[in-house]
1. What's the carbon and sulfur percent of region 93-224's accessible surface, probe 1.4 angstrom, rounded to a whole number?
2. What part of the accessible area of region 438-540, given as a whole %, is carbon or sulfur when the probe is 1.4 angstrom?
3. Using a 1.4 Å probe, what is the accessible area per residue for region 424-490, in Å²?
4. What FRET efficiency comes out for Thr557 versus Leu36 if R0 is 45 angstrom and r is the Cβ-Cβ distance? Round to the nearest 0.05.
5. Considering the Cα positions of region 78-230, please state its Rg to one decimal place and its Dmax as a whole number of Å.
6. Using R₀ = 35 Å, calculate the FRET efficiency as 1/(1 + (r/R₀)^6) where r is the Cβ-Cβ separation of Gln232 and Lys157; round to 0.05.
7. Between Thr333 and Lys283, what is the FRET efficiency for a Förster distance of 22 Å, r being their Cβ-Cβ separation, to the nearest 0.05?
8. Counting only heavy atoms of protein chains, what accessible area per residue, in Å², does region 54-178 have with a probe of 1.4 Å?
Amino acid sequence: MASETHVLTTPGAGTAPVQRPPKRKMVTWFDPLVLLKAGVRSLISTTIGEQADRRLLDALAAPKGAPTDLSVDDAGRPREELWFDFVADLGDGWDSTYEVAVEVCKPTLSLRDETGTAYETRSGELLIFGGDEVYPEGDVKEYQERTVRPWEAARPKTQQAPRLFAIPGNHDWYDGLVSFMRLFCQGRGPAGWKTEQRRSYFAVKLPRGWWLLGVDMQLDSDLDEPQVQYFQELAKTQIGPDDRIILCLAEPAWLLAHVRPPGDRTYLDNNLDFLEQNVLGKKVSVFLTGDLHQYRRHSNDEGRQKIIAGGGGAFLHPTHVPRKDVVLPEGFTARKAFPPPEESRRLCWRNLGFLGHNPTMGLFTGILYLLLAWMQVGDLREGGTVTWKLSRVLGAALINPGVVLLSALLVLGLVVFADTRFGWGRAVAGVLHGVAHLAAALWMFWAAFALTGSFLRLGSVPQELLGAVLVFAGGFLLGPTILGVYLLISANGFGAHANEAFSALAIPDWKNFLRLRIDKEGQLWIFPVGIRRVPREWKPGQTVREPEWVADDKDATPPELIEPPIVIGSARAASTSPRVAGAGRPEYAGLAPSTLV
């Protein structure tokens with residue numbers, strides 16, 4: 001299906017219509033309706049997933065199939081090299097999703113690293129989606145509008161579509177994986193992609209002794225038995241003793257386990273150990289994942305890489321949380337983050353403008369503050385008159401059962417909302433957050449009715465109506481602001497609420513994806529591509545060699561290398577140590593090699 005075009009006309013003779021793409025905005029995660037719907041879907045999918053694993057049904061219905069062999073070309077000749085791309089956490093707002101798709105689909109992409117070294121890269125014959133292909137949840141309509149249409153519009157009509165393989169993330173699982181399986185595992189070819197997988201996991205044989213494996217961990221669940229058997233058989237019969245593995249998974253167990261409370265070792269973390277030790281029988285050379293919407297790379301002295309590249313379109317996650325870089329198990333240490341932690345910390349201050357990013361949350365807090373006020377009005381009447389002394393307002397609130405009950409529910413709810421990373425201080429954080437809202441609501445109630453009582457008859461209908469309007473307005477402004485301050489202090493001060501603090505901002509910038517290449521010597525090159533600011537304005541492409549829409553935003557930044565390419569030795573070579581291209585200025589045998597400057 002071709003991307004729709006929105007045509008806007010301006011009054012006046014001779015005015016040409018202005019064309020705009022069918023832009024979907026970033027998901028507003030603090031919209032109460034979005035939160036409610038996502039919460040219900042998550043609860044249902046988790047409950048059903050625990051009782052009936054969709055992967056088991058698919059294993060019965062779909063043939064196991066042989067792994068896709070890309071070590072040879074269509075004529076059966078061994079490939080000398082192969083380019084492929086990895087994109088994760090896509091399908092959110094149009095600007096960010098489409099810009100990443102445009103850069104991935106360009107036939108060639110010239111990139112410079114921080115040293116000024118230039119590399120010519122080529123669009124991949126293989127495209128991997130690394131989880132969370134759509135937001136806020138897996139749904140046919142959302143997939144079509146937030147994922148398929150942007151990618152369909154981004155590829156020039158003269159360019160052949162790549163083979164596509166995908167693994168599901170938690171958002172893909174929210175409808176029980178129904179839409180994911182329909183889109184990626186039934187040979188439908190959305191956006192022209194060539195889809196060959198028939199299950200939610202896959203294996204691809206690459207040139208020069210490399211393998212690409214994609215696993216489905218469901219919702220932090222265990223590996224299902226058919227999936228274990230599939231990879232065990234593959235390891236025994238086809239993966240050679242000297243072959244090397246690139247493993248794609250939907251969540252970074254190594255980092256999630258670190259930022260969660262001590263002792264909270266997840267199923268996912270255990271699954272990785274089980275997969276390496278009991279299924280594959282060897283260590284994985286490169287881990288690729290998303291889930292965290294950022295770029296972050298860890299490696300160890302053995303040259304093994306753990307790379308988070310979840311910048312395919314979803315809102316930005318912070319890189320300054322966890323607060324300290326510590327050595328992970330097996331000696332993995334942090335090497336690079338995008339955006340830099342100091343920039344991430346600065347961006348978090350945008351939570352002071354929480355209301356501007358999440359106006360519907362203001363409606364919710366306005367109604368909440370108004371409800372607390374309405375419960376107290378009748379308690380302030382004394383002998384037919386109304387008093388608005390602050391002490392009287394406070395006293396009335398403390399003896400009103402409805403106010404006490406609603407206040408207790410609010411505080412309890414915010415204690416539950418408080419991040420478990422606070423540890424023993426979680427209850428304290430929730431109570432302080434709740435008391436701040438109650439104090440603000442009480443003050444707004446007193447101030448609004450005391451102010452209106454200064455020029456309107458106390459207790460009159462006009463005074464109470466105007467007072468109610470002011471209380472709602474105060475709740476609309478103060479409630480989200482208090483929440484924003486709470487998230488800012490939590491993230492920047494305590495390393496907590498990282499997801500909430502940045503989902504509230506819905507930052508479309510600082511996107512990333514990985515471009516990979518296996519060269520003639522069997523070396524794996526990993527090019528981490530970053531885009532600091534995505535375009536906000538677009539104009540129609542003029543030729544069939546261009547995407548449907550091209551950037552028309554002077555403030556947008558071109559793609560760049562986040563760091564010099566990571567080069568991992570041949571799968572057949574004795575040495576496994578990686579090199580960072582540019583360090584020592586190695587020769588780069590790329591497409592039309594650029595001059596190393």
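The values are calculated or read from the model by the stated rules, or taken from the named source; none is laboratory data. Quantities reported herein were computed from a predicted structural model and do not represent experimental measurements. Quick reminder, even Gly has a Cβ in these numbers, built from the backbone with ideal geometry, and neighbours come from all protein chains shown. For the accessible areas, the whole protein counts, side chains as well, though only heavy atoms, and no ligand, DNA or RNA atoms are used. Shrake-Rupley method; radii C 1.70, N 1.55, O 1.52, S 1.80 Å.
1. C and S atoms contribute 43 percent here.
2. So the carbon and sulfur contribution to the accessible surface is 72 percent.
3. 46
4. After rounding to 0.05, the efficiency reads 0.80.
5. 16.0, 49
6. Using R0 = 35 Å, I get an efficiency of 0.20.
7. The value I calculate is 0.80.
8. Accessible area per residue: 33 Å².
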